[in-house]
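**Student:** The structure under discussion is supplied below as structure tokens; questions concerning it will follow.
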Amino acid sequence: MSEPAWVAVGTLAVVVVWLGLALVGAVRELGTLRGRVDALEAADAPTTHLGTGLAVGAPAPAWTIATPGGGLASSSAFEGRRHLLVFADATCRACDDLVPAVIAAASRGTVPPLAVIGRGDAASTPGPWRAADVRVRIGSERGNQVSEAYRVDVSPFVFVIDEGGSVIARGGAVTLDDVVRLVREAEGVRIVAAGEA
């Protein structure tokens, strides 16, 4: 082959490699964008209009869940204490960010103690969800008994339960700020957004 042919082949190879890298980058960006769109859709989902969750004032049903370590956790651990009940799903992208943030906040005392109730096998609980803090209980329900008792059909979904065992706030939550807003709502603090009177 002549020198111009080698240059053409070399140039073509560089262009093909560059296009391949550009394609890989574009696919990664699409995945990132899809995750952001999913989180935004979840944030905008009108969960309260779906009849999701027990109403404020309703008694919170007792529950027992399997823990990742093979034991059990139950609502009795929270009797007489205000706490959060977070329904999450390991396949939910919004839950991937929310659950570790809420666990860390509970460990710091920023939010009340909490239980995270996941769906599926307890052994498949994501690593970042496994908390060692005594203020946090992690586990998975068998079937959908707990979700059905609490009338939850979306995730993530959070309940604030008072010392007497009643629901005092509830709602879909995608960020830690959403959870803090629910906690403050339960405390009777109205959150005013910028521009509201």
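**Student:** Does any residue of the range 105-126 turn out to be at pLDDT below 85, over 14 Å from Ala173 (Cβ atoms) and among the acidic types (Asp, Glu)?
**Tutor:** The answer is yes, given that some residue of the range 105-126 is at pLDDT below 85, over 14 Å from Ala173 (Cβ atoms) and among the acidic types (Asp, Glu).
**Student:** While we're looking at this one, here's another question. Of all residues in the range 78-137 being part of a helix (DSSP H, G or I) and touching an Asp or Glu at 6+ places or on another chain (Cβ under 6 Å), which is surrounded by the most Cβ atoms within 10 Å (Cβ to Cβ)?
**Tutor:** Cys95
**Student:** When you check Gly35 against the structure, is it assigned by TED's automatic domain parsing to the domain that holds Val158, modelled with pLDDT under 85 and exposed (fewer than 15 other Cβ atoms within 10 Å of the Cβ), yes or no?
**Tutor:** Judged against the criteria, Gly35 is not a match.
**Student:** If Asp177 satisfies all but one of (1) outside any strand (DSSP E or B); (2) more than 13 Å from the chain's Cα centre (by Cα); (3) not hydrophobic (A, V, I, L, M, F, W, C), what's the number of the condition it fails?
**Tutor:** Only one criterion in (1) outside any strand (DSSP E or B); (2) more than 13 Å from the chain's Cα centre (by Cα); (3) not hydrophobic (A, V, I, L, M, F, W, C) is unmet by Asp177, namely (2).
**Student:** Report, by residue number, each residue of the range 54-74 that is at pLDDT 90 or above and surrounded by 11 or more Cβ atoms within 10 Å (Cβ to Cβ).
**Tutor:** Once the filter is applied, which keeps residues that are at pLDDT 90 or above and surrounded by 11 or more Cβ atoms within 10 Å (Cβ to Cβ), the range 54-74 yields Leu54, Val56, Ala58, Pro59, Ala60, Pro61, Ala62, Trp63, Thr64, Ser74.
**Student:** Which residue out of Gly127, Gly71, Gly143 is farther than 26 Å from Arg181 by Cβ and within 16 Å of the chain's Cα centre (by Cα)?
**Tutor:** Gly127
**Student:** Which pairs have Cβ atoms under 7 Å, sit 6 or more apart or on different chains, and link a residue in the range 136-148 that is more than 15 Å from Val116 (Cβ to Cβ) to one that is surrounded by fewer than 22 Cβ atoms within 10 Å (Cβ to Cβ)?
**Tutor:** Filtered contacts from the range 136-148: Arg142/Ala66.
The values are calculated or read from the model by the stated rules, or taken from the named source; none is laboratory data. Please read all numbers here as calculations on a predicted model, not as lab measurements. No Cβ is skipped: glycine too gets one built from the backbone with ideal geometry, and neighbour counts run over all protein chains shown.
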